[in-house]
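This report refers to the structure that appears directly beneath it.
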Amino acid sequence: MAQVAISRTQFQDKLKLLTAKDDRDCALLVDVYNDVKTCTENSALVKDLVLQHDPDFFEHVKQGITDLREADRPILVIGETSAGKSSFLNLLIGRKVLPELAAPCTHCMCCIKKGRKLEARVSSFGGSDLFGTKIISADGKSDKEFQDELQELVNEDNCDEALDRCIEIFVPSSILEDNVYLVDTPGFGENEQVTKSLVKYLPKAMGIIFILNTTVSIGIAEDRGVLILDEIKQLREEGKIPSFDPTKILFIGNKWDQIPEEERHDHRQKIIRKMKTVWPKFHEDQFVPLSVKYVLRWQNTTSIPEDYKSAIKDYETVLDRIREIVEHCCSARSKVHKRLLLSVFKHMKTFVDATVTHALLSVEEKQAKVKSLQGLADEMVSIYEKGKANIVTMAVHIQNKVVEDFYQYLNNIENRQHIFPWKKSNMPKGTDYNAVKEKAFVTIRAFITESFSERIALSQQMIQDMEDRMSTLTAKLSTIKKKIESILEGPSGETSCPDVDNTKTIQFGQDDNELSGGEIAALVITAPLWIPLGLVGAVTVLPISASINTIKYKYKMAGYKANPREYLDRWSDEIIRNEYSKENLKNMMFRRLTIHITAGMNIMQKSNAELGNLCRHLAKNVKTDEVPEGYYEIRDLTDRMDEKLNRQNNPK
C-alpha cells in the first residue's frame, strides 16, 4: 500500500536530540527556580523587588517547577463532533485502529504513543469497580478486531461510568518519539461533560491540531469550536497553558473533497477570514485543507479523482506542519519558563543598576534626576489614563453602532434570505422532533453570528481608527520610556562603580512582552464578542419539555416534514426574540470588549506602576551616597542566574 511516510532517520533522530536537550534545559531551569526561590525567601530586599514585579511569584515558581518536571509532551487533536479526528489519526499512524463512526464515537481521551507493537492500556477507570491496568493486545487479531474491542472501551456508556478514563494506545509510528505523543479527544458540542473534560485536559497541551469540518458553518461553529478557542485564549492569558505557543496551532480543514471544485478558492478565503476573527495573530499557512477519504483512496488504489488533484500535496503539507509543531513543542516548555525568569531578572537589574548609578550623584543631581523622573512618570500616567478613556469610548461607540445596525438588519424581513440561506442540503433531517429542533437551533445561531461578522466587517474604518489611536498611544508611551531610560543611565551613561556593567543599557518595563497598539486592537476586535463562554451548555443542548406526549411529537414531526421552511422561520423568530435582543447584544459585546481592552491596557499599566515604584525608591535615597545594603548581592544573583540560563544556548 502506498504511503506518504515520514523519514525515521531525518525526523525521529532529530526529535530525539531535541527532546534530550529540552530535558537538560528543563532540569537547569528547575535549579534556577529553586535558587531564586531560596534567595527570595532569605532576603527581604529581594522579596520586595520580586513581589513588586509579580505578586504571585511563589505560586508561579511552584507551578513552574511542576511543569518543568513533567516529561510528557502531548499534542492534542481536537475538533467538533464528527469532524473526522479519529479518521485523520488513523491516516497519520498508517493503521485503522481508532473507531470511526458517523455518530460521535470517541468519548474519552486516547493517548497515541510510540510502541514496539500495537496494544492499548487502560489505567484509569474513574469511579468504576475495575482497578489495575487492563491491556488489549493486537497479537493474533486483525486491525478490525482490535478496533472493535477498543470501541467498547471508548463508547459513551462505559465512559459515562468513568469520566476520567484515559486510554493509552501504543503503535509503531514514524511521527512519535519518546514522550511526544498525540491525543485523540472527544468531539465537543454534543455533551457538556465531554466538553468540560477536554477543557480540563487543555493545560497539559504542548501543541494543538484543530480538525475543522469544512462543510459545516465555514469550518467552525460559533457555539462550539469558537467557544473552545476562547477557552484556550483565556487559559493562555491566565498562564495555565504555559508551554503552548498559539502561533503553532494547526487548523486542518477536513472533508475538502465535499466542497465543489469551483468554490474551493472562495471557501478557503472565507475560512481564513473567519479564523482571523476568532484566533489572534492567525496566519494563512496555519490552515491546510485535506480530504482524509481521498488520501486513503490514493493509498489503496494509487489514483486520485480528477476533481481534487492536490489531495496528496495537501497531505504532505499537513505532515510538514506537524513536523514543525512537534519540533517546536519539544522546546516550548523550557523557552516559556526561561522568558518568565528573565523578566524577573530584568526587573531586578533595573532597580539595582538605577540605584547604583543614582548613589554616585551629588544631592543636587539626585534631586534633579528624581524630579525629572517624577515629571515623566506623571506625564506617562496622564497620557495612559486619557488614552485608555478615549479608546474605551471609541470601543463603546463601535459596539453600539454595530449592535444597532445589526439589530435593525436582523429584524428586517427582507433580509431573512441572506441571513438564513436555507437549502435542501442544510435543512436538519431526522425522525425525532426534538433532535431536529436542536440541530436547527445550532444552525440558526451559526447563521446569525456569521451574518453578525459580516456587519462588523462593514465597520472596518471605525475599527482602523481605533487601531490607529492605540498605536499612537503606544508610541507616545514608548517615547517617554526612552527618556526615562536615558535619565536612569546617568548624564553620560558612565559611572565609576566597578560593579556596574556600563555596556548594558538600563531598560525599564517589559519590552519583550508588550503589544503594539495594533495587536491590542486585534485582541479587542477579533474576540468572539457575541457569545459568552458561560453559555456553552445552553447553546449546545436546549432542553425541551418532556411532558409533550408521543402523539404530539409525531404530529409536529409530520408538520415539519410537510413544510420545513415554516418551522425554521418560526424557530428563527424565537431565537432572535429570546437571545438576540438589542440589550443582550450590547451586554455581551461590552463585556467582551471590556475584558480584552483591559488585558491589553494592563501591560502598559504595569509598566507605569513599576516606574512609579522606582521613582519613589530613588527619592528615598537622595541624601545618601551609599548603595543600600544587599544591592550588590542582588546583582551577583542575577549575573549567576544569567550565566546558568546562557548555558542553554552555549553548552560546554
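The values are calculated or read from the model by the stated rules, or taken from the named source; none is laboratory data. What you see is a predicted model, and the numbers here were worked out from it, not measured in a lab. Counting neighbours? That spans all protein chains shown, and the Cβs are built from the backbone with ideal geometry, glycine included.
Grab the strands (runs of 3 or more DSSP E) fully contained in the stretch 178-288, keeping just those with 1 or more residues being modelled with pLDDT of 85 or more, of a type in the set (D, E) and touching a helix residue (DSSP H, G or I) at 6+ places or on another chain (Cβ under 7 Å).
In the stretch 178-288, the matching strands (runs of 3 or more DSSP E) lie at 180-184.
Of the residues that sit in the stretch 555-594 and are closer than 18 Å to N390 by Cα and surrounded by fewer than 16 Cβ atoms within 10 Å (Cβ to Cβ), which one is modelled with the lowest pLDDT?
Going through the qualifying residues, I end up with R591.
Consider the stretch 407-459. How many of its residues are among the polar types (S, T, N, Q) and closer than 22 Å to K582 by Cβ?
Residues meeting the conditions: 8.
Considering only residues of the stretch 287-305 that are in contact with an Asp or Glu (Cβ under 9 Å, 6 or more places away or on another chain) and not β-branched (V, I, T), which is surrounded by the fewest Cβ atoms within 10 Å (Cβ to Cβ)?
Per the stated criteria, the residue is P305.
Step by step: first the residues of the stretch 292-311, then only those that are under 16 Å from H265 (Cβ atoms) and part of a loop (DSSP other than H, G, I, E, B), then the one that is modelled with the lowest pLDDT. Which residue is that?
So the residue we want is K309.
I need the full set of residues from the stretch 82-96 which are in contact (Cβ under 8 Å) with a residue 60 or more places away in the chain, outside any helix (DSSP H, G or I) and of a type in the set (K, R), in order please.
R95
Kindly indicate whether I167 is under 30 Å from A20 (Cβ atoms), in a strand (DSSP E or B) and modelled with pLDDT of 75 or more.
Yes: the conditions hold for I167.
So which residues in the stretch 409-446 are free of Cβ contacts under 8 Å to residues at least 60 places away in the same chain and among the aromatic types (F, W, Y)?
Listed by number, the list holds a single entry, Y409.
Just one of the numbered conditions (1) modelled with pLDDT of 75 or more; (2) within 21 Å of T449 (Cβ to Cβ) is not true of H617; which one?
Of everything listed in (1) modelled with pLDDT of 75 or more; (2) within 21 Å of T449 (Cβ to Cβ), H617 misses just condition (2).
Of all residues being in contact with a Ser or Thr (Cβ under 8 Å, 6 or more places away or on another chain) and over 13 Å from I241 (Cα atoms) in the stretch 55-71, which is modelled with the highest pLDDT? Just the residue, please. Explain how you work it out, then say what you get.
The initial filter retains those residues of the stretch 55-71 that are in contact with a Ser or Thr (Cβ under 8 Å, 6 or more places away or on another chain), namely 57-58, 67-68.
Cutting the leftovers down to over 13 Å from I241 (Cα atoms) gives us 57-58.
Values: F57: 85, F58: 88.
Within the stretch 55-71, the match that is modelled with the highest pLDDT is F58.
Among the helices (runs of 4 or more DSSP H) lying completely within the stretch 355-460, list those that include at least 3 residues that are within 25 Å of I271 (Cα to Cα) and among the small types (G, A, S).
433-457
Listed here are the residues, each with its yes/no results for (1) more than 20 Å from V216 (Cβ to Cβ); (2) surrounded by fewer than 19 Cβ atoms within 10 Å (Cβ to Cβ); (3) under 21 Å from the mean Cα position of the chain (by Cα).
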{"position": "K276", "(1), (2), (3)": "no, yes, yes"}
{"position": "D285", "(1), (2), (3)": "yes, yes, yes"}
{"position": "S310", "(1), (2), (3)": "yes, yes, no"}
{"position": "Y315", "(1), (2), (3)": "yes, no, no"}
